[in-house]
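Please treat every number below as a calculation from the coordinates, not as lab data. What you see is a predicted model, and the numbers here were worked out from it, not measured in a lab. Virtual Cβ from ideal backbone geometry, glycine too; neighbours counted across all protein chains shown.
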Amino acid sequence: MTTAAIYGCSGHRLTAEEKAFFAEVRPWGFILFRRNVDSPDQVRALTAELRDSIDDPKAPILIDQEGGRVQRLGPPHWPKYPPGDAYLKATNDPLAARELVRLGARLMAHELKEVGIDVDCAPVLDVPVPGAHDIIGDRAYARDPATVTQLGRAAAEGLLAGGVLPVIKHMPGHGRAFADTHKELPTVHADLDTLDGWDFAPFKALSDMPIGMTAHIIFTAIDPKRPATQSKKAIKLIRERLGFGGLLLSDDLVMNALSGTLTERARMSLKAGCDLVIHWNGVMEEMRQVAEGVGKLKGGARRRADAALARIVHTPEPLDYREARDRFDALMGGRLEAAKGPDVAEAQA
């Protein structure tokens with residue numbers, strides 16, 4: 001029995017307690033963070049161990065690998081990638097930026113696939129507005145929906161070509177939030193027409209993507225009482241107005257934007273219409289609480305999960321990695337410096 005959850009783990013290898021817990025609750029998949037990463041051989045061993053723990057060689061393993069502030073695999077074993085907004089700055093040409101974004105994503109996919117990771121929680125399709133909290137900031141590809149759409153699709157295509165599933169986030173849009181959802185619950189007061197023409201636009205244009213992630217944000221025009229992750233009205237809007245038919249993941253349940261026990265948070269998110277919930281930090285007692293609020297993955301959620309995994313290309317598009325890497329570095333022209341903004345290195349983003 002597969003359950004509707006994705007869990008993290010505490011370190012570089014699984015503990016006996018983690019192995020027993022995963023074997024018991026049988027989550028759909030797992031998510032890695034920087035605390036789980038040392039070397040390529042170690043990550044490869046950990047991903048194999050995670051799959052072995054639930055006796056499923058195809059169990060998906062996720063990671064946040066955007067570049068900039070949100071990059072779990074990094075130096076010295078993996079190259080540094082720029083934040084989203086650096087691509088357009090490097091070229092000043094949207095078409096050239098599109099090719100560069102796709103190339104970067106294709107390289108990332110190669111590196112992820114090499115260590116057994118097949119889902120990347122990227123691209124960010126949020127479109128920041130002036131004055132918004134910079135938790136998104138330079139993670140956004142641009143400051144207008146059309147360019148975000150073009151570059152976001154390029155990133156998704158690069159990942160897919162390399163055999164890695166993209167996760168579009170944060171639905172139905174995080175760019176208007178004036179607070180960091182890791183710390184508190186933002187409320188967005190824009191009317192539906194404004195949201196539709198700006199925030200929703202990239203998500204509508206990429207509604208064909210296999211997986212999406214919700215935002216822990218209240219949109220008063222949709223549901224003035226509940227954050228999108230836990231709102232039936234918001235999930236219905238994502239399905240109908242945004243046209244998204246793919247697998248829908250909650251953002252991390254631990255984030256302070258949500259309230260109640262972890263059992264309640266999981267139950268409310270699934271009841272609202274999320275297909276799966278994510279718990280990231282690997283704390284065993286918290287994972288047990290989440291498990292109490294999570295049932296079997298079944299019905300439409302199961303079908304969407306199976307359809308998402310069916311999108312994985314098992315023979316990736318040919319790539320001369322060294323040539324592509326050198327070309328990418330040359331085109332970026334030194335824009336691989338550390339990104340500016342709030343540190344989200346060890347929080348689900």
Can you tally the net charge around residue 116? Count Lys and Arg as +1, Asp and Glu as -1, for every other residue whose Cβ sits under 12 Å from the Cβ of residue 116.
-2
Quick check: net charge around residue 230, other residues with Cβ under 10 Å of its Cβ, Lys/Arg +1 and Asp/Glu -1?
+4
So for the chain, using the alpha carbon gyration tensor with a ≥ b ≥ c as root eigenvalues (a/c under 1.5 gives rounded; past that, a/b versus b/c decides prolate or oblate), I'd call it oblate
Counting Lys +1, Arg +1, Asp -1, Glu -1, what net charge surrounds residue 278 among other residues with beta carbon under 9 Å of its beta carbon?
-2
Taking GluC sites (Glu not before Pro) in a DSSP loop with at most 15 other Cβ atoms within 10 angstrom as exposed, one finds the longest site-free stretch of the chain at 1-183
Using a cut-off of 16 Å between alpha-carbon atoms, which lysines can reach residue 204, once sequence neighbours fewer than 8 places away in the same chain are excluded?
169, 236
Residue-averaged 222 nm ellipticity for the chain, from DSSP H runs of 4+ at -39500 (n - 2.57), nearest 500
-11500 deg cm²/dmol
Can you give me the relative contact order of the chain as a percent, contacts being Cα pairs under 8 Å and 6 or more apart?
20 percent
Only bridges whose two residues both fall in segment 1-117 count here: according to DSSP, what percent of them are antiparallel, nearest 5?
25 percent
How far is it, in nm, from the label point at residue 184 to the one at residue 52 when both lie 7 Å from their Cα along the line to the Cβ?
4.7 nm
Here the percent of antiparallel bridges among DSSP beta bridges lying wholly in segment 3-330, to the nearest 5, is 10 percent
Computed E for residue 42/residue 15 - FRET, C-beta separation, R0 22 angstrom, nearest 0.05
0.90
